[in-house]
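Heads up: the structure comes next, in structure tokens.
The values are calculated or read from the model by the stated rules, or taken from the named source; none is laboratory data. Small disclaimer: the values here were computed from a predicted structure and weren't measured. Methodologically, a virtual Cβ is constructed for each residue, glycine included, from the backbone with ideal geometry; neighbour enumeration extends over all protein chains shown.
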Amino acid sequence: MPRQGLRFAHMADILLIEDDVTIRTALSRGLRELGHAVSSSPTALDGLRLAVQDRPDLIVLDLGLPDLDGGELLRMLRAVSKVPVIVATARDGDAEMVPVLDAGADDYVVKPYSAAQLDARIRAVLRRAGESAPEPLQVGALRVDPRARLAELDGMELELTPREFDVLHYLAARSGEVITKRELLTEVWQLPYGGADKTVDVHLSWLRRKLGETASEPRYLHTVRGVGVKLVGPS
Ligand code: CA
């Protein structure tokens, strides 16, 4: 999904998992008009795939889905992701909602609801998520700010893709530690059971280039052969 260039507009990438085509179409349009980027899925399993693959900023999840109960999907999702989730339900009442909130939903809306109402919830949930985001990190002349999703080297902003930023942030938060590719696949790509080391290699090499260094003459990003990588300030 397109994320670059959205920093100032603050639109969010929303994934809408909803089987009702009328609701899905109307909400997608409504949220787009309110400035969000929206992708959608009519089934739980396809929704889970998109959630892992595209890493949206927030998921709106219908509880009544044809292939899997939404609550079930939420538990599966929470095993691999902390993405904020707003549950949408036709059902009301504590008996239905308490287990869903316990399963890790951040908020809920009861049908019928408008795109404007959902947008207000989305903004509130993202604001809370942003407030709990960690402080900026400094490694040498490298500064990584997770709230602004901004990285600077020697005071110059680095043009990073969202994935490159996530990798850099993960390494900066563990500066000096050797991080394995497997750990990056699990924690950054959120692929605990799959994914190829080559994917990591490619992103590390792009990141290295943007940091203005090479594998043979590293400044920040050091390869520890056969083990992984570490990010350290230049000595
Ligand atoms: Ca439904």
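Of the strands (runs of 3 or more DSSP E) lying entirely inside the stretch 18-100, the ones with 1 or more residues being over 20 Å from residue 110 (Cβ atoms) are found at 37-41.
With respect to residue 63, is the statement that it is hydrophobic (A, V, I, L, M, F, W, C), at negative phi, in contact with a Gly (Cβ under 9 Å, 6 or more places away or on another chain) and away from the ligand (no atom under 16 Å from the Cβ) true? Outline the logic, then answer.
Details: hydrophobic (A, V, I, L, M, F, W, C): yes; at negative phi: yes; in contact with a Gly (Cβ under 9 Å, 6 or more places away or on another chain): yes; away from the ligand (no atom under 16 Å from the Cβ): no.
No, not satisfied.
Taking (1) closer than 18 Å to residue 142 by Cβ; (2) buried (at least 19 other Cβ atoms within 10 Å of the Cβ); (3) within 18 Å of the chain's Cα centre (by Cα); (4) modelled with pLDDT of 90 or more in turn, residue 170 satisfies each apart from (2).
Picking from 130, 104, 195, which residue would you name as being assigned to a loop (DSSP other than H, G, I, E, B), without any contact (Cβ under 8 Å) to a residue 24 or more places away in the chain and under 18 Å from the mean Cα position of the chain (by Cα)? Within the list 130, 104, 195, the selection yields 195.
Filter the stretch 72-84 for residues that are crowded, with 19+ Cβ neighbours inside 10 Å and either over 21 Å from residue 130 (Cβ atoms) or modelled with pLDDT of 95 or more (or both); which is farthest from the ligand (Cβ to nearest atom)? Among residues in the stretch 72-84 that are crowded, with 19+ Cβ neighbours inside 10 Å and either over 21 Å from residue 130 (Cβ atoms) or modelled with pLDDT of 95 or more (or both), the one farthest from the ligand (Cβ to nearest atom) is 74.
Do any residues in the stretch 63-79 that are closer than 23 Å to residue 186 by Cα have Cβ atoms under 9 Å from those of residues that are within 11 Å of the ligand (Cβ to nearest atom) and in a helix (DSSP H, G or I), where the two are at least six apart or on different chains, and which pairs are they? Going by the 9 Å Cβ cut-off, the qualifying pairs are 72/44; 73/44; 76/44. Take the conditions (1) surrounded by fewer than 18 Cβ atoms within 10 Å (Cβ to Cβ); (2) within 23 Å of residue 116 (Cα to Cα); (3) modelled with pLDDT under 95; residue 53 misses just one of them, which is (2). Whenever a residue of the stretch 11-33 is over 14 Å from residue 122 (Cα atoms), its partners that are in a helix (DSSP H, G or I) and within 16 Å of the ligand (Cβ to nearest atom), lying with C-beta atoms within less than 6 angstrom and at least six residues away or across chains, give the pairs 17/47; 18/24. Of note, residue 52 satisfies the criterion of being hydrophobic (A, V, I, L, M, F, W, C), in contact with a Ser or Thr (Cβ under 8 Å, 6 or more places away or on another chain), outside the structural domain of residue 163 (by TED's automatic domain parsing) and more than 23 Å from residue 30 (Cβ to Cβ). Of all residues in the stretch 117-160, those satisfying the criterion of being loosely packed, with under 14 Cβ neighbours inside 10 Å and under 20 Å from residue 209 (Cα atoms) are 154, 155, 156, 157, 159.
Suppose the filter is within 20 Å of residue 25 (Cβ to Cβ) and out of contact with any strand residue (DSSP E or B) (no Cβ under 6 Å at 6 or more places or on another chain); does residue 116 pass it?
Working: within 20 Å of residue 25 (Cβ to Cβ): yes; out of contact with any strand residue (DSSP E or B) (no Cβ under 6 Å at 6 or more places or on another chain): yes.
Yes.
Each residue in the stretch 9-44 was checked for being more than 16 Å from the ligand (Cβ to nearest atom), buried (at least 16 other Cβ atoms within 10 Å of the Cβ) and more than 16 Å from the chain's Cα centre (by Cα), and 3 of them qualify.
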